[in-house]
Amino acid sequence: MSLKLGWKFLDSGALYRCFAYIASLRNIAVSDAKSIIDHLQEIDFRSIPSEDGSEAKILLNGEDVSSKIRAPLCANLASKLATSPEIRKHLLKVQRNYCSSEGLVADGRDMGSVVFPDAVLKIYLTANLRVRAKRKYNQLHEQGINAKFQKIYNDIKKRDDRDSNRSYAPLTIPDGAFVLDASYLSFDEVTGRLVEEVEKVMKNKYWGAQYGDSH
């Protein structure tokens, strides 16, 4: 959607996965918040949206790590790492630096509730758990990653439970958010609905960045 609007894009989940990826490479426990935070300055992170609705291309210090950080093990580590209040607080500034007067599409589980609480438009995009697991299963197999559907399903469910029940910045529907269930909608249908919401905001002469929480 950011490409259609001509706005910047932030994939905050990928940012956490990059930290998890570095932690795994350097044998740092995800519970060791201090050591992980010490590596904050070493990360040059960029998220580049796709035109076809597939997941964004992620560059870490210039290297394309898109497939590596989306492997199930890295995703699970990132979810555990994200429960740390210290790490989340340190990454707030990094994420907020993406804010632009030209507009921003920010994807993440606490974008509208914590990172950008004053966003003029908050979108909560959700889908049936089984549908989400099937989509992830297909994505991994397209990338040549062998994965079992039931494990993916269980991992996503555990991540949802962990993110919804963490003490700091839990996954929640932000106040005033536009909620869209994308279980049985195509990528173009979802994009169309969301662009309509953005246009409503712009017609009402509100201007600013656009953010969303996803589940």
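The values are calculated or read from the model by the stated rules, or taken from the named source; none is laboratory data. None of the values given here were measured: they were computed from a predicted structure. Using ideal geometry, Cβ is built from the backbone for each residue, glycine included, and neighbour counts are taken over all protein chains shown.
The residue that is modelled with the lowest pLDDT, among those in the range 48-75 that are part of a loop (DSSP other than H, G, I, E, B) and surrounded by 16 or more Cβ atoms within 10 Å (Cβ to Cβ), is E55.
Let's see how each residue does on (1) in a helix (DSSP H, G or I); (2) in contact (Cβ under 8 Å) with a residue 12 or more places away in the chain:
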position	(1), (2)
G112	yes, yes
Y124	no, yes
A133	yes, yes
H141	yes, no
Y153	yes, yes
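Among the residues of this structure, A56 counts as one that is among the small types (G, A, S) and more than 21 Å from R162 (Cα to Cα).
Every residue, every condition in (1) more than 17 Å from A75 (Cβ to Cβ); (2) touching a strand residue (DSSP E or B) at 6+ places or on another chain (Cβ under 6 Å); (3) of a type in the set (S, T, Y), yes or no:
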{"position": "V120", "(1), (2), (3)": "yes, no, no"}
{"position": "R132", "(1), (2), (3)": "no, no, no"}
{"position": "I145", "(1), (2), (3)": "no, no, no"}
{"position": "I156", "(1), (2), (3)": "no, no, no"}
{"position": "A177", "(1), (2), (3)": "yes, yes, no"}
{"position": "M202", "(1), (2), (3)": "yes, no, no"}
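Return yes or no: is V105 at pLDDT below 90, of a type in the set (V, I, T) and surrounded by 15 or more Cβ atoms within 10 Å (Cβ to Cβ)? Considered against the rule, which asks whether it is at pLDDT below 90, of a type in the set (V, I, T) and surrounded by 15 or more Cβ atoms within 10 Å (Cβ to Cβ), V105 comes out as yes.
When N146, N128 are checked against the criterion of being touching a residue at least 12 places away in the same chain (Cβ under 8 Å) and more than 21 Å from Y16 (Cα to Cα), N128 stands alone in meeting it. Going through the range 11-47 one residue at a time, which ones are under 30 Å from T191 (Cβ atoms), modelled with pLDDT under 90, not β-branched (V, I, T) and not in a helix (DSSP H, G or I)? Matches in the range 11-47: D44, F45, R46, S47.
Pairing each residue of the range 72-84 that is β-branched (V, I, T) with any residue that is in a loop (DSSP other than H, G, I, E, B) and buried (at least 18 other Cβ atoms within 10 Å of the Cβ), provided the two are 6+ apart or on different chains, yields C-beta distances under 7 Å for T83/R166. With respect to the conditions (1) crowded, with 18+ Cβ neighbours inside 10 Å; (2) closer than 19 Å to I145 by Cβ; (3) among the hydrophobic types (A, V, I, L, M, F, W, C), L25 lacks only one, and its number is (1).
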